[in-house]
Amino acid sequence: MASRPPPYGLAPRLRWGRAASGSLGVVSAPIVAVIGGGQLARMMQEEASALGIHLRALVEAADGSTGQVVADAPVGAADDEAAVRAVATGNGTQGPGGKPAAVLTFEHEHQDSRLLERLQDEGVSVQPVPQALELARDKLAMRRAMSEAGLPQPAWVEVGGPQQETAQEMTDAVEAFAAEHGWPVVLKTPRGGYDGHGVLLVRSAESLRQGEAAEWLASVARARAGQSDGQGTGGGGSLGGAAVTSLLVERAIPFTRELAVLLARSPSGRIAVWPVAQTVQEDGMCAEVLAPAPGLDSASAEEAELIGRAVAERIGVTGVLAVELFAVETFGEPTRLYVNELAMRPHNSGHWTQDGAVTSQFAQHLRAVLDLPLGATEATAPTTVMVNLIGGQREPGADALSRAMAAQPDARIHLYGKQWRPGRKLGHVNMTVGSDQAVADVVEQAREVVAILRGDA
């Protein structure tokens, strides 16, 4: 009786290369280790499978978003040295023969930089390198790097330095900054903030001296005095819940819209850039993306791309990089762009590439960190719409997916396998705009699908 071939995913490891007979030879497929078990690693797995890449993921929970779809998924924390070493080396994992990964990468910035630097010194290919990743983890470090590179960004200052130990001294420093640059100003925790956490808009001196802003400054003062409870400030803090001992203060830019430049860079220096996208934020979280950005003039698009390239090359980014920008558009004047934040990984602003570009950001990230040739980044539709699915106030019914599919058969629904929770990212919907369609109409269609999936319709 002939033996059956092993199931998909358990087949012998292959490489592309001709044997002496002219047939394809057999060797190990490349292994990519990724730290993080959220939706980004989950979507990397889809592309890894298509490319014949073995993905090994260090996940927070076996039944989490990534653990559901990646067979080689040991459980551990990003700051657990033994767990990180295991996922890089393959020791004790379910990978092919326990072999080491060709590269170690991430799906979030909240990493132990010192551990990554030790691994790098030991010969592990860490992509992006820890020195670059630090700029995505630390907003103050990012601002300093952008200043050194001469790139446009909001005026900023750090409060909580050696001359500003008390809450009153820090309050005076913020007021002095606002006197020079104007109200409102934005307070940010240097580390740990995301999706609107660790960000506070302060509109006046009065609001600075009372309410949440005053609590932030008092918390920083206590931390500087060694009296912190370790909870961080404003939902921020660094890896491990370390206390916030300084704050970033920025001028609030009166932007007309937000843009995102998404690109990928390989260790050998090759760069591929997608069309500039427009993002829409709600409560500090990305809600919608339109790509390419509607109505963006070619000069502004070119400038945005140049900023993205400058960031990538200046700090040596590898893998996917998202540069978030504020755009100030005034009739009759050139558009002014300001760097807002960086993300050195696949990013929410790039989800549209799954259905609207030749190469998705997830496939490109894998190609880039392995130093493989990069894929084409051209848009495949005049405009692609992405709408995020965020958990609403009530859990959707069992028929929500079926009704959403029926409502808009053209919608590409991407679900993350997460349990419902209010405010949680549960998935997204992509829709492409045809040449005979209005962008606004397709946006409404995508919103309709999301409303059904949320349980709101």
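Since every read-out is calculated from the coordinates, none of them should be taken as a lab result. Predicted, not measured: the structure shown is a model, and the values here were computed from it. Note that each Cβ is placed from the backbone with ideal geometry, even for glycine, and that neighbours are counted across all protein chains shown.
Hey, what number do you get for the chain at 222 nm if only DSSP H runs of n ≥ 4 count, each worth -39500 (n - 2.57), divided across all residues, to the nearest 500? It would help to have the intermediate numbers written out before the result.
On the way: 13 runs with 138 residues, N = 457.
Roughly -9000 deg cm²/dmol at 222 nm, from the helical runs in the chain.
Residue 153's amide H: which non-local residues (gap 5+, or another chain) put their own amide H closer than 5 Å, with H modeled 1.01 Å from N in plane and none for Pro or chain starts?
339
Toward the positive end of the charge dipole of the stretch 285-421, about the Cα centre and with charges on Cβ (Lys, Arg +1; Asp, Glu -1), which of 375, 402, 317 goes farthest?
Checking the options against the dipole of the stretch 285-421, the answer is 402.
Residue-wise, which Karplus ³J(HN,Hα) couplings in Hz belong to the stretch 98-103, taking 6.51 cos²θ - 1.76 cosθ + 1.60, θ = phi - 60°, and x for glycine or proline?
Whole-Hz 3J(HN,Hα) from phi for the stretch 98-103: x, 6, x, 6, 6, 7.
Can you give me the long-range amide H partners of residue 101? Hydrogens built in the peptide plane at 1.01 Å from N, cutoff under 5 Å, separation of 5 or more residues or another chain.
So residue 101 has HN proximity to 89, 90.
Any idea what the relative contact order of the stretch 31-126 is, in percent, if you count C-alpha pairs under 8 Å spaced at least 6 apart? Before the final figure, lay out the partial values.
On the way: 186 pairs, mean separation 27.7, N = 96.
Relative CO of the stretch 31-126 lands at 29 percent.
Run the simple label-point estimate for residue 358 and residue 181 please: 7 Å along Cα→C-beta, distance reported in nm.
Using points 7 Å along Cα→Cβ, the separation is 4.0 nm.
Please arrange 60, 250 by how many other C-beta atoms lie within 10 Å of their C-beta, fewest to most.
On the way: 60 15, 250 21.
Listing 60, 250 from fewest to most nearby Cβ atoms yields 60, 250.
With a Förster radius of 60 Å, plug the Cβ-Cβ distance of residue 227 and residue 398 into 1/(1 + (r/R0)^6) and report the FRET value to the nearest 0.05.
On the way: r = 50 Å, r/R0 = 0.84.
About 0.75, to the nearest 0.05.
Can you work out the FRET efficiency for the pair residue 285 and residue 441, with r the C-beta to C-beta distance and R0 = 25 Å, to the nearest 0.05?
After rounding, the FRET efficiency stands at 0.55.
Take the eigenvalues of the Cα gyration tensor for the stretch 31-126, scale each by 5, and report the square roots as semi-axes in whole Å, largest first. Don't jump to the answer; show the numbers that get you there.
On the way: eigenvalues 70, 42, 29 Å².
So the three semi-axes of the stretch 31-126 are 19, 15, 12 Å.
Quick one: if the Förster radius is 25 Å, what FRET efficiency do residue 270 and residue 117 give, using the C-beta to C-beta distance and rounding to 0.05?
Working: r = 25 Å, r/R0 = 1.00.
Efficiency, rounded to the nearest 0.05: 0.50.
Jot down the radius of gyration and Dmax of the chain, Cα atoms only, both in angstrom.
23.1, 85
Placing +1 at every Lys and Arg Cβ and -1 at every Asp and Glu Cβ, with all other atoms neutral, what dipole size does the stretch 326-457 have around its Cα centre, in debye to the nearest 20?
The calculated dipole for the stretch 326-457 is roughly 660 debye.
How large are Rg and Dmax for the stretch 343-457 when calculated on the C-alpha trace, in angstrom?
Computed over the Cα atoms of the stretch 343-457, radius of gyration and Dmax are 15.3, 45 Å.
Counting every Cα pair in the stretch 257-454, what percent are over 27 Å apart? Can you show the working numbers first?
Values: 6057 of 19503 pairs.
Roughly 31 percent, once rounded to a whole number.
What value does the stretch 152-212 have for Rg/Rh, both radii from Cα atoms and Rh as Kirkwood defines it?
Result: Rg/Rh = 0.94.
Can you give me the angle between helix 167-181 and the longest principal axis of the chain, using Cα atoms only, in degrees from 0 to 90, rounded to the nearest 10?
Long axis of 167-181 versus the principal axis of the chain: about 90 degrees.
Place the peptides 162-170, 63-71, 325-333 in order of packing, highest mean first, counting for every residue the other Cβ atoms within 10 Å and averaging per peptide.
Numbers: 162-170: 15.3, 63-71: 20.1, 325-333: 13.7.
Packing proxy ranking, top to bottom: 63-71, 162-170, 325-333.
Rounded to the nearest 10 degrees, what's the angle between the helix 298-315 long axis and the longest principal axis of the chain, both from Cα atoms, 0 to 90?
Between the helix axis and the principal axis of the chain, the angle is about 80 degrees.
Within the chain, what percent of beta bridges assigned by DSSP are antiparallel, to the nearest 5?
Details: 58 of 69 bridges.
If I count the DSSP bridges inside the chain, around 85 percent turn out antiparallel.
So for the chain, taking the charge dipole from beta-carbon charges (+1 Lys/Arg, -1 Asp/Glu), which of 294, 187, 62 sits furthest toward the positive end?
Farthest towards the positive pole: 62.
Let's see if you can work this out: charge +1 on each Lys and Arg Cβ, -1 on each Asp and Glu Cβ, no other charges. What is the dipole magnitude of the chain about its Cα centre, in debye to the nearest 20? Don't jump to the answer; show the numbers that get you there.
Numbers: 38 positive and 53 negative charges, 314 e Å.
That gives a dipole near 1500 debye.
Starting at the first residue of the stretch 143-155, write each ³J(HN,Hα) from the Karplus equation 6.51 cos²θ - 1.76 cosθ + 1.60 with θ = phi - 60°, in whole Hz, x for Gly and Pro.
With coefficients 6.51, -1.76 and 1.60, one gets 4, 4, 5, 5, 5, 5, 7, x, 8, x, 7, x, 4 Hz.
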